[in-house]
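The values are calculated or read from the model by the stated rules, or taken from the named source; none is laboratory data. Just so you know, these numbers come straight off a predicted model, no measurement behind them. Cβ atoms come from the backbone with ideal geometry, glycine included; neighbour counts cover every protein chain shown.
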Amino acid sequence: MANPTTRTRGTASPARRTMTAAARAAAKRAGRPERPERDARAAGPAEETPSGRTLLIEPPADGWEDPPEPAPFEEEPEESAPRRRIGRHVLTAVLGAVLVAALVVAAVLGWQYREGRQAERARGEALASARKAAPVVLSYDYRHLERDFTRARALLTGHFRDQYGKTTKTVVAPTAKKYHGVVKATVATPADGGAPAVSVVSAAPDRAVVLLFVNQITESTRVSGPRLDLNRVRMTLTRTSDGWKVSGVDAL
């Protein structure tokens with residue numbers, strides 16, 4: 001005889017069927033596939049209970065909220081900011097030094113160019129002045145010494161002018177008057193009529209040295225006839241407010 005209290009296997013009570021339907025509905029809301037009946041009691045992340053059993057929490061209807069985005073990194077680290085400032089200062093200093101160096105180089109090149117142009121102009125001016133001054137300074141005639149010496153002093157400057165005045169007064173004038181001395185100087189020229197034999201040894205904007213080949217014909221009672229002397233003369237000229245003047249004469 002069958003036991004009236006025995007239940008048919010697989011048959012679920014109304015309470016369990018209700019719980020299963022609720023689990024299905026929760027699974028649909030969470031967008032997940034249905035879970036077995038043993039997991040339908042609760043859906044969601046598991047939490048550890050004090051008794052050691054797992055408790056499933058049902059997710060909210062509108063889903064879990066995403067964690068907030070990390071804030072953008074705006075401020076520089078404390079160590080990198082001073083380094084960047086130091087780097088900018090160093091770069092500024094280097095650029096400044098390069099600019100100063102470029103300006104100095106440009107100034108030096110400009111000065112050298114200007115000095116070169118002035119020196120080139122001085123060469124021509126000093127050369128012309130030397131050719132003009134040599135015959136006057138190196139010539140005299142006993143018959144009009146004072147006139148000749150005055151003309152020569154007008155072409156001289158500085159200490160050499162004073163020295164020339166003393167020498168002509170104490171030495172040249174007495175000798176020329178005594179022996180009727182006459183000296184005529186000319187700048188030597190080639191036989192074919194080329195340029196006079198003069199050249200610039202050195203030249204600066206305010207000073208130049210010129211080498212001249214000078215022919216001097218001397219007449220006096222001490223010689224039987226005219227005597228020709230071929231001399232090399234180094235003449236120093238200095239620029240003054242009145243033009244180029246002779247500041248030194250040396251016989252070589």
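Might you let me know whether region 120-139 holds any residue that is within 23 Å of Glu219 (Cα to Cα), in the same structural domain as Arg239 (by TED's automatic domain parsing), without any contact (Cβ under 8 Å) to a residue 40 or more places away in the chain and touching a Ser or Thr at 6+ places or on another chain (Cβ under 8 Å)? There is no residue in region 120-139 that is within 23 Å of Glu219 (Cα to Cα), in the same structural domain as Arg239 (by TED's automatic domain parsing), without any contact (Cβ under 8 Å) to a residue 40 or more places away in the chain and touching a Ser or Thr at 6+ places or on another chain (Cβ under 8 Å).
Against the condition surrounded by 14 or more Cβ atoms within 10 Å (Cβ to Cβ), without any contact (Cβ under 8 Å) to a residue 40 or more places away in the chain, farther than 23 Å from Leu252 by Cβ and touching a strand residue (DSSP E or B) at 6+ places or on another chain (Cβ under 9 Å), how does Gly165 come out, does it pass? Criteria met by Gly165. Residue selection: Val183 fails the criterion of being surrounded by 12 or more Cβ atoms within 10 Å (Cβ to Cβ) and within 18 Å of Gly248 (Cβ to Cβ). It is to be established whether one or more residues within region 209-218 are over 15 Å from Ala251 (Cβ atoms) and either out of contact with any strand residue (DSSP E or B) (no Cβ under 8 Å at 6 or more places or on another chain) or part of a helix (DSSP H, G or I) (or both). Within region 209-218, not a single residue is over 15 Å from Ala251 (Cβ atoms) and either out of contact with any strand residue (DSSP E or B) (no Cβ under 8 Å at 6 or more places or on another chain) or part of a helix (DSSP H, G or I) (or both). Here Ser202 clears all of (1) closer than 22 Å to Gly243 by Cα; (2) assigned to a loop (DSSP other than H, G, I, E, B) except the condition numbered (2).
Considering Ala185, Ala195, Ala152, the condition of being among the aliphatic types (A, V, I, L, M), within 21 Å of Ala128 (Cα to Cα), in a loop (DSSP other than H, G, I, E, B) and free of Cβ contacts under 8 Å to residues at least 60 places away in the same chain is satisfied by Ala195 alone. Checked against the criterion of being at pLDDT below 95 and part of a helix (DSSP H, G or I), the candidates Arg161, Arg143, Arg117 yield just one match: Arg117. Of the residues examined, Asp192 is not one that is surrounded by fewer than 19 Cβ atoms within 10 Å (Cβ to Cβ), modelled with pLDDT of 95 or more and charged (D, E, K, R).
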